[in-house]
Amino acid sequence: MTAVRRFTLAIHGGAGTVARAALSGADAHGYRAGLGAALRAGHRVLAGGGCALDAVTEAVVALEDDPHFNAGLGAVLTEEGRVEMDAAIMDGRDRRAGAVACVSGPRNPILAARTVMERSPHVLLAGEGAERFLRAEGVAFAPATYFLTQRRIEALDRELRRRDSGKPDRRSDADRHGTVGAVACDAAGHLAAATSTGGLTGKQPGRIGDTPVFGAGTWADDATCAVSATGHGESFMRWVVAHEIAGRLRHRGECVEVAATAVVSALAENDGAGGVIAVDAAGHFALPFNSEGMYRGVIEPDGVPRVAIHDEPLT
Ligand code: ASP
C-alpha cells in the first residue's frame, strides 16, 4: 500500500471575530459550519490529486459565498454604503500572481483575481478598469443588492452615528473588519495562497488594504511558504507581513511556526491587530493571531476538518 503524501489546507475567516462573550451557540455553529464547508471544498481538490492553486480557489469561493464572512456576499460597506472588494491569488510554483482592488461587481472577487493572473499581463488591476477587463473576460458579476446583508447595513449605520456623535471608536472586532483566506501545500509539495476581503466597515471609498498587496496580505513561493493575512491592513502593509515571514524562512532558516508567530507578535506592538495562516512545502502550518480570535481551520489527508474561533485548540 502506498502512503498518501501529506497535503495541507489551512483557511481563515478573518480576525474580525465576534467576542467570545457575545457569541451564541447558534452563531458559533454557523461560523464553524462555514469553515468546515470551505475546508471540505479544498480537500476535494487535494485528495483528487489537484493542485494547491485550485484548492485555495475553491476554499475561498466557498467562504465568499457564505454571508458570515467579510468577502463577496456579506462584505462590509464603505462610508457611502457600497461594497469595494480586494482579492489576490498567488502560485508558489512560479510566483505568478493576480489581484483586484476596489471592485464592486464581481460575484467572486477571488475568481476575478485569478482571471487577472491567467488572462492579463498584469498583477494588480483596480476599480473601473479592472471591471471592464473582467466583464470582457466573462467573469460573473452580481447586482449591488446581492452583496448587501442586514448585519453589514446595521454595522455601518452604528458607525456613521458614532462618527456624528464624536464618541470614541469602541466597536467590536466583528463590526470593524474581516477577511477570508486560504493557503495550501499539495501532494506534489507546491504552495498557493488566496485572500479576499471587503476591508474595513465605513472605510473611505478608494481605500485599499493589504489583501491585494503581494508580500503584505498574500504571498506564496514554493521555496519558503504561503501566507494569507487578516487584520489592520495599514499595519500589515507597513510591516510587509507575508513576505517578512517568508524572508525569515529563507534568510534565518526558521520554521514556519517560529517565523509566523514572531512577526504576528511584533505586529501587536504596532497597531497591527490580526493574524496569519501559513504553510510550508512540507505541509507544516501555523495559524498565529494577536487578536481575541481568528476564524480558522485546517484539513489534511484524513479529510477531517478541524476549526477554532478564539484561543481554543482546533477541533
Ligand atoms: N486586512 C483587511 C483590510 O485591511 C481587513 C481584515 O483582514 O480584517 O482590508
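Out of all the residues in segment 100-107, is one or more under 17 Å from Thr197 (Cα atoms) and either of a type in the set (Val, Ile, Thr) or touching a Cys at 6+ places or on another chain (Cβ under 8 Å) (or both)?
yes
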Test: Gly98 is free of Cβ contacts under 8 Å to residues at least 60 places away in the same chain and either among the aliphatic types (A, V, I, L, M) or loosely packed, with under 15 Cβ neighbours inside 10 Å (or both) = no
Of all residues in segment 264-281, which are in a loop (DSSP other than H, G, I, E, B), over 17 Å from Val183 (Cα atoms) and in contact (Cβ under 8 Å) with a residue 12 or more places away in the chain?
-> Asn270, Asp271, Gly272, Ala273
What's the number of the condition Leu267 fails, among (1) surrounded by fewer than 21 Cβ atoms within 10 Å (Cβ to Cβ); (2) over 16 Å from Ala10 (Cβ atoms); (3) modelled with pLDDT of 95 or more?
-> (1)
Within segment 140-154, restricting attention to residues that are closer than 21 Å to Thr17 by Cβ and without any contact (Cβ under 8 Å) to a residue 40 or more places away in the chain, which residue is farthest from the ligand (Cβ to nearest atom)?
-> Gln150
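Within 16 Å of the ligand (Cβ to nearest atom), within 17 Å of the chain's Cα centre (by Cα) and on the phi > 0 side of the Ramachandran plot - does that describe any residue in segment 217-224? Quick ask: steps written out before the conclusion?
Within segment 217-224, the first condition is being within 16 Å of the ligand (Cβ to nearest atom), and the residues that meet it are 217-219.
Those left that are additionally within 17 Å of the chain's Cα centre (by Cα): 217-219.
Narrowing the set further to residues that are on the phi > 0 side of the Ramachandran plot leaves none.
Among the residues of segment 217-224, not one is within 16 Å of the ligand (Cβ to nearest atom), within 17 Å of the chain's Cα centre (by Cα) and on the phi > 0 side of the Ramachandran plot, which makes the answer no.
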Is at least one residue of segment 74-88 under 14 Å from the mean Cα position of the chain (by Cα) and under 28 Å from Gly189 (Cβ atoms)?
-> yes
Residue in segment 155-214 that is farthest from Pro106 (Cα to Cα), counting only those that are among the hydrophobic types (A, V, I, L, M, F, W, C) and within 12 Å of the ligand (Cβ to nearest atom) | Ala174
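From Thr115, Thr149, Thr145, grab the single residue that is out of contact with any Ser or Thr (no Cβ under 9 Å at 6 or more places or on another chain) and buried (at least 20 other Cβ atoms within 10 Å of the Cβ). Walk me through it before giving the result.
Details: Thr149 fails: buried (at least 20 other Cβ atoms within 10 Å of the Cβ); Thr145 fails: buried (at least 20 other Cβ atoms within 10 Å of the Cβ).
Exactly one of Thr115, Thr149, Thr145 is out of contact with any Ser or Thr (no Cβ under 9 Å at 6 or more places or on another chain) and buried (at least 20 other Cβ atoms within 10 Å of the Cβ), namely Thr115.
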Within segment 209-229, the residues that are within 16 Å of Met90 (Cα to Cα) and in contact with a Gly (Cβ under 6 Å, 6 or more places away or on another chain) are Asp210, Thr211, Ala220, Asp221, Asp222, Ala226, Ser228, Ala229
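Rundown of residues vs (1) under 19 Å from Pro106 (Cβ atoms); (2) in contact with a strand residue (DSSP E or B) (Cβ under 6 Å, 6 or more places away or on another chain), yes/no style:
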{"site": "Ala19", "(1), (2)": "no, no"}
{"site": "Tyr31", "(1), (2)": "no, yes"}
{"site": "Gly34", "(1), (2)": "no, no"}
{"site": "Arg40", "(1), (2)": "no, no"}
{"site": "Asp66", "(1), (2)": "yes, no"}
{"site": "Phe69", "(1), (2)": "yes, yes"}
{"site": "Ala75", "(1), (2)": "yes, yes"}
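Those residues that are outside any loop (DSSP other than H, G, I, E, B), free of Cβ contacts under 8 Å to residues at least 12 places away in the same chain and not hydrophobic (A, V, I, L, M, F, W, C), I need them from segment 14-53; list them, please. Write out each step before concluding.
First, the residues of segment 14-53 that are outside any loop (DSSP other than H, G, I, E, B): 14, 20-22, 25-47, 52-53.
After this cut, where a residue has to be free of Cβ contacts under 8 Å to residues at least 12 places away in the same chain as well, the list is 21, 25-27, 29, 33.
Gly25, Asp27, His29 - these are the residues of segment 14-53 that are outside any loop (DSSP other than H, G, I, E, B), free of Cβ contacts under 8 Å to residues at least 12 places away in the same chain and not hydrophobic (A, V, I, L, M, F, W, C).
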Among the numbered conditions (1) within 30 Å of Arg6 (Cα to Cα); (2) of a type outside the set (Val, Ile, Thr); (3) more than 12 Å from the ligand (Cβ to nearest atom), tell me where Ala229 comes up short.
-> (3)
Looking at (1) touching a Lys or Arg at 6+ places or on another chain (Cβ under 8 Å); (2) within 16 Å of the ligand (Cβ to nearest atom), find the lone condition where Val60 falls short.
-> (1)
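The values are calculated or read from the model by the stated rules, or taken from the named source; none is laboratory data. Because the structure is predicted, anything quoted here is derived from the model rather than measured. Note that we place each Cβ from the backbone using ideal geometry, even for glycine, and neighbour counts take in every protein chain shown.
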